[in-house]
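Scroll down for the structure; my scribbles are underneath it.
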Amino acid sequence: MVDGKQMRIGIPKGSLEEATVKLFAKAGWKVTSHHRNYFPEINDPELTCSLCRAQEMARYVENGLLDAGLTGKDWILENQSDVVIVDDLIYSKASNRPAKWVLAVAGDSPYKRPEDLAGKKIATEFLSFTKRYFEEAGIPVEVEYSWGATEAKVVEGLVDAIVEITETGTTIKAHGLRIIAELLQTNTQLIANKESWKDPWKRAKIENMNTLLQGALRADKLVALKMNAPADVVDKVMALLPSMNSPTIAHLHNSDWLSIETVVETCQVRDLVPKLQSVGAQAIIEYSLNKVI
Ligand SMILES: Nc1ncnc2c1ncn2[C@@H]1O[C@H](COP(=O)(O)OP(=O)(O)OP(=O)(O)O)[C@@H](O)[C@H]1O
Ligand SMILES: O=P(O)(O)OC[C@H]1O[C@H](OP(=O)(O)OP(=O)(O)O)[C@H](O)[C@@H]1O
Ligand SMILES: [Mg+2]
């Protein structure tokens, strides 16, 4: 390896780990972890990889231990880290959507708005951000650090409210809690060390990584559709097709039929297919995509 032509990246351990490793695989990098080892292998000689806690990632990127890393926007804000935010990557633990930090109370409590919690006790892992939120709102509250299982603390009556992350809503619901405010929407972000970002080779490598990761994320929501249709119904078929670009049309060999190919949102397919059939499209095939760039 030529000196300077290698970069160290951080993969978040814990909640974001599985989704991140999957996304990297789709983007073209195979990250292989070995049991109890925090330095996964990656199939790119220009990269070395470290598994780090999401909470600590921004700190390691800021101090240059890592050139780049992926972590939640929440922990970047919590640590007020001085890093380059390269881009948002919209995925969470279970979905390709952001998650939310919310203020929640017991379902049967009298609290309806954050102001109602003046003088009360709130537990959270998201300590500094929560303190800042209440300070800026001018609501005096006692915020105490929670090491986890935070939802249970309201149920047990240990605190009056919690600030917790929610994605699917399952945990909040399972504890009979009620959300009374949203403090922050959070998603994964690709971040870079400021010095690394000034290095043209590293910056190009990080930007290329971002392009491929974004392409892989975009491809998750899209599929390709291909079909055949007689030339005289092609206009009707085209009128039905939404497309990122114009659909591609090709002639079938020795026939007056045409082949039409396009990319659509996965959720559109179930409505689209019967309509396409009804105007005369045949041999409709759908295939999944790895990247859309
Ligand atoms: N459904 C989710 N639950 C928790 N965190 C999520 C979820 N989806 C995305 N995240 C993000 O994952 C990161 C979780 O980091 P955190 O330091 O809390 O560790 P963790 O991976 O949840 O580990 P632990 O098991 O110790 O709680 C945060 O940036 C958070 O925004
Ligand atoms: O809205 P949901 O989809 O239910 O997700 C939110 C839950 O997931 C996280 O827990 P985690 O698995 O990180 O465990 P922890 O309580 O130990 O942090 C978070 O702390 C919530 O409890
Ligand atoms: Mg957690």
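The values are calculated or read from the model by the stated rules, or taken from the named source; none is laboratory data. Computed from a prediction, not measured in an experiment: that's the story for all the values here. Don't worry about glycine lacking a Cβ; one is built from the backbone with ideal geometry, like all the others, and counts go over all protein chains shown. Quick note on the areas: whole protein, heavy atoms, side chains included, nothing else; ligands and nucleic acids left out. Shrake-Rupley method; radii C 1.70, N 1.55, O 1.52, S 1.80 Å.
A few notes on this one:
- Failed condition for SER92, given (1) in contact with a strand residue (DSSP E or B) (Cβ under 6 Å, 6 or more places away or on another chain); (2) within 19 Å of LYS202 (Cβ to Cβ): (2)
- Hits in the range 151-171 (condition: near ligand 2 (Cβ under 6 Å from one of its atoms), at negative phi and part of a loop (DSSP other than H, G, I, E, B)): GLU167, THR168
- Test for VAL84: is it among the β-branched types (Val, Ile, Thr) and either surrounded by fewer than 20 Cβ atoms within 10 Å (Cβ to Cβ) or at positive phi (or both): yes
- Test for PHE134: is it more than 30 Å from ARG203 (Cα to Cα) and away from ligand 2 (no atom under 16 Å from the Cβ): yes
- Residue, nearest to ligand 2 (Cβ to nearest atom), within the range 27-56, restricted to residues that are of a type in the set (D, E, K, R), at pLDDT 95 or above and open to solvent by 70 Å² or more (accessible area, probe 1.4 Å): ARG53
- Subset tally (residues that are more than 16 Å from ligand 2 (Cβ to nearest atom) and out of contact with any Asp or Glu (no Cβ under 8 Å at 6 or more places or on another chain)) for the range 182-198: 4
- Among residues of the range 205-224 that are over 15 Å from LEU289 (Cβ atoms), those with a beta-carbon under 9 Å from a residue that is open to solvent by less than 20 Å² (accessible area, probe 1.4 Å) and among the polar types (S, T, N, Q) at least six positions away or on a different chain give the pairs ILE206/SER196.
- Looking only at residues in the range 172-181 that are within 23 Å of the chain's Cα centre (by Cα) and open to solvent by 70 Å² or more (accessible area, probe 1.4 Å), the one that is nearest to ligand 2 (Cβ to nearest atom) is LYS173.
- Residues located in the range 243-270, provided they are open to solvent by 90 Å² or more (accessible area, probe 1.4 Å) and assigned to a helix (DSSP H, G or I): ARG270
- When the range 6-26 is filtered for residues that are within 21 Å of ASN63 (Cβ to Cβ), open to solvent by less than 30 Å² (accessible area, probe 1.4 Å) and more than 8 Å from ligand 1 (Cβ to nearest atom), the ones remaining, listed by number, are MET7, ILE9, GLY10, ILE11.
- Looking at VAL84, VAL143, just one residue is touching a Ser or Thr at 6+ places or on another chain (Cβ under 9 Å), in the same structural domain as LYS22 (by TED's automatic domain parsing), more than 16 Å from ligand 2 (Cβ to nearest atom) and in contact (Cβ under 8 Å) with a residue 12 or more places away in the chain, and that residue is VAL84.
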